[in-house]
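Below is one structure, written out as structure tokens; the observations come after it.
The values are calculated or read from the model by the stated rules, or taken from the named source; none is laboratory data. Predicted model only: the values in this text are computed from it and were never measured. Using ideal geometry, Cβ is built from the backbone for each residue, glycine included, and neighbour counts are taken over all protein chains shown.
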Amino acid sequence: MKKLVLLGVLMVVAGFGFAQSPTPQKKSFTAKTTGKTRPAPQRPPLRRESTEGSLARASRGGNPFQLLNPRAPAVYGRAEDNVFLDPETGKWKGFKLLTINF
């Protein structure tokens, strides 16, 4: 009988030793950093409009009648952008209706 009690106690102690803990440790799945930083993102290059002139500007949007208004706000551009100027006298020679840049 003593052997049976001793065997039972050993089985209980062994059971406690191999049992899982009530709160298992959680594993972490985070990546280790190497100390390298990512390069800063580059901005795309500025796109230059390939056309100029009164007709091209009117077709892009906005109020096309403001192109004719001498007192139009600066949002609609300057008058010098849509006219040919004589380099010697500084007077206008003609209008730029459509100019293609390449």
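A compact table of results
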| read-out | value |
| --- | --- |
| Unique residue being modelled with pLDDT of 70 or more and within 29 Å of the chain's Cα centre (by Cα) when the list is Gly35, Gly90, Gly62, Gly94 | Gly62 |
| Identity of the residue in the stretch 61-76, in a helix (DSSP H, G or I) and not hydroxyl-bearing (Ser, Thr, Tyr), that ends up surrounded by the fewest Cβ atoms within 10 Å (Cβ to Cβ) | Ala74 |
| Hits in the stretch 53-74 - residues which are out of contact with any helix residue (DSSP H, G or I) (no Cβ under 7 Å at 6 or more places or on another chain) and either among the hydroxyl-bearing types (Ser, Thr, Tyr) or touching a residue at least 12 places away in the same chain (Cβ under 8 Å) (or both) | Leu55, Ala56, Ser59, Asn63 |
